[in-house]
Amino acid sequence: MALIRPFCGLRYNLDVAGDASQLLAPPYDVVDAAGRAEIGARSPHNCIHVILPEGEGDARYRNGAARFAALQSEGALLRDPKPGLYVYHQTFESEGQTYTRKGFVALVELTRFGAGPVLPHERTLSGPKEDRLKLMRACMAHLELVFGLFADPERRWEAAVEPALGEPVLSAELDGIGHVLYRVSDPAAIAAVTDLLADRSIYIADGHHRYETMCNFREELEAKGFGESARFGMIYLSNLDDPGLVVLPTHRLVHGVAGFDLGRALAELGEVFESAREPLPADALALRARLQEAGASGAAFGLAIPGSGELHILTLRSGFDPAAVGLGALPPALQRLDVVLLHELILDRGLGITREAQASLTNLHYYKSTEKALAVAEQGSDEIQLVCFMNATPVADVVAVCDSGEVMPQKSTFFYPKIPTGLVFNDLGRGLAK
């Protein structure tokens, strides 16, 4: 099903570019103006100058392309002479435990969602895709990685590449996370991995916009008679069964709702949810533990009015019938999912935040940090009316939604940590293995 290929990647020449820790950057969409200035000051070779270029209007895309070309002409980026897979290990801490997530970067045949083996789990917006498409056109390259998952319970891909890893070609630390990259060009190892993926689906964990943008660019290039390389896009792939795969929650903060009345909303949904009112937990770990306890047997989430000192824990009542509240048309994978129930029943029906308002972020902020969301709930806010604390969506539920052909609300998952930019780039002109 999934067709992957090795490629001749463009990689930093550390002898010219310097310390790899000064060259990588977080994904462009999590970097604000102050962060961009700080990252850019680390090195003139830092990839932030390419993926988040300075300038006004469309000039910034030309500036990014010029910087990308300069990195190559200066020798800071060099193309590998032989095609390979790029094995990538991320070592990080989460809630006091150390993990190493393993995966690899390859090229994947680009197929539209619903028309091939690459499956989404979230909706996308048009704005980010247009921005990334303009940069992709200017640079004629895939600069940023999509994060995909595949099933390999026996971890066969690791066994295939392990003997061929050799010495790392990049080792860095960024934001307290360790990054190690290996280049595997052994034909037998590559064949084993590509054969393994041939009958698997790929589930997008992060980077839906980037993947759809690559598909859009493929169609543009094919219409112009571009060659074979247009069919493939760069992707990072990891194992659904990897012990280092960590999913964290994304919390919702509600603001600007006219006539906001949580008590009325909860009363109207009393036949759906049981609600327990208790003191707000003292810290983020205690809050996470309480939500996980509540969600051990089904959907659960917590609601807090900032400054009240209270937490409402909502759980589904026994005998919940999705059809009775108008959710019967949804696939079973979605009918009892906490993030769907929150968005459909609490936010939309209870508080009047329509799907359109949710998509345009009219009344919602999203916080990945439990600590920051809890601080808002504790301290109160003139702006925020409600903090919705979520459990992490289990990977099995993500896969079930993908396989159903449906998608979750935006920001339903947070696969931690994100994949940085700068590990390897794919030059569309010459980067594809022949």
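Values computed for the structure shown
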| item | result |
| --- | --- |
| Residue within segment 184-204 that is modelled with pLDDT of 95 or more, farther than 22 Å from Lys418 by Cα and in a strand (DSSP E or B) present | yes |
| Residues within segment 4-15 that are surrounded by fewer than 20 Cβ atoms within 10 Å (Cβ to Cβ) and either within 23 Å of the chain's Cα centre (by Cα) or over 23 Å from Pro83 (Cβ atoms) (or both), tallied | 1 |
| Number of the exception - Thr362 against (1) surrounded by 15 or more Cβ atoms within 10 Å (Cβ to Cβ); (2) more than 20 Å from Ser201 (Cβ to Cβ); (3) in contact (Cβ under 8 Å) with a residue 60 or more places away in the chain | (1) |
| Unmet criterion (only one of (1) buried (at least 16 other Cβ atoms within 10 Å of the Cβ); (2) small (Gly, Ala, Ser); (3) at negative phi) for Ala34 | (1) |
| Residues (in a helix (DSSP H, G or I) and small (Gly, Ala, Ser)) located in segment 141-182 | Ala159, Ala160, Ala164 |
| Residue among Arg137, Arg132 that alone is surrounded by 19 or more Cβ atoms within 10 Å (Cβ to Cβ), within 19 Å of Glu222 (Cβ to Cβ), touching a residue at least 60 places away in the same chain (Cβ under 8 Å) and out of contact with any Phe, Trp or Tyr (no Cβ under 6 Å at 6 or more places or on another chain) | Arg132 |
| Filter result (in a helix (DSSP H, G or I) and out of contact with any helix residue (DSSP H, G or I) (no Cβ under 6 Å at 6 or more places or on another chain)) within segment 277-286 | Leu285, Ala286 |
| Checking Phe320 against (1) assigned to a loop (DSSP other than H, G, I, E, B); (2) within 22 Å of the chain's Cα centre (by Cα), the condition it does not meet | (2) |
| Qualifying residue in segment 193-203 (condition: surrounded by 20 or more Cβ atoms within 10 Å (Cβ to Cβ), touching a residue at least 12 places away in the same chain (Cβ under 8 Å), within 17 Å of Asp242 (Cβ to Cβ) and hydroxyl-bearing (Ser, Thr, Tyr)) | yes |
| Matching residues in segment 250-264 - criterion: being outside any loop (DSSP other than H, G, I, E, B) and surrounded by 14 or more Cβ atoms within 10 Å (Cβ to Cβ) | His251, Arg252, Leu253, Val254, His255, Leu262 |
| Selection within segment 41-63 - acidic (Asp, Glu) and either in contact with a Pro (Cβ under 9 Å, 6 or more places away or on another chain) or assigned to a helix (DSSP H, G or I) (or both) | none |
| Residue in segment 64-79 that is of a type in the set (Lys, Arg), in contact with a Pro (Cβ under 8 Å, 6 or more places away or on another chain) and not in a loop (DSSP other than H, G, I, E, B) present | yes |
| Single residue of Leu347, Leu386 found to be surrounded by 20 or more Cβ atoms within 10 Å (Cβ to Cβ), modelled with pLDDT of 95 or more and in a helix (DSSP H, G or I) | Leu347 |
| Residue match in segment 229-246 (condition: part of a loop (DSSP other than H, G, I, E, B) and farther than 30 Å from Glu93 by Cα) | no |
| Close pairs from segment 103-129: first under 19 Å from His142 (Cα atoms), partner among the polar types (S, T, N, Q) and at pLDDT 90 or above, Cβ under 6 Å, at least 6 apart | Gly103/Ser238; Val118/Thr111; Lys129/Thr213 |
| The one condition in (1) out of contact with any His (no Cβ under 8 Å at 6 or more places or on another chain); (2) crowded, with 16+ Cβ neighbours inside 10 Å that Leu71 fails to fulfil | (1) |
| Breaking point among (1) surrounded by fewer than 18 Cβ atoms within 10 Å (Cβ to Cβ); (2) more than 27 Å from the chain's Cα centre (by Cα); (3) within 30 Å of Leu197 (Cα to Cα), for Asp80 | (1) |
| Index of the failed condition, Glu109 passing every other in (1) touching a strand residue (DSSP E or B) at 6+ places or on another chain (Cβ under 8 Å); (2) crowded, with 22+ Cβ neighbours inside 10 Å | (2) |
| Residue in segment 402-421 that is more than 12 Å from Pro249 (Cα to Cα), more than 13 Å from the chain's Cα centre (by Cα), in the same structural domain as Tyr88 (by TED's automatic domain parsing) and not polar (S, T, N, Q) present | no |
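The values are calculated or read from the model by the stated rules, or taken from the named source; none is laboratory data. Small disclaimer: the values here were computed from a predicted structure and weren't measured. Positions of Cβ are backbone-derived with ideal geometry, glycine not excepted, and every protein chain shown enters the neighbour counts.
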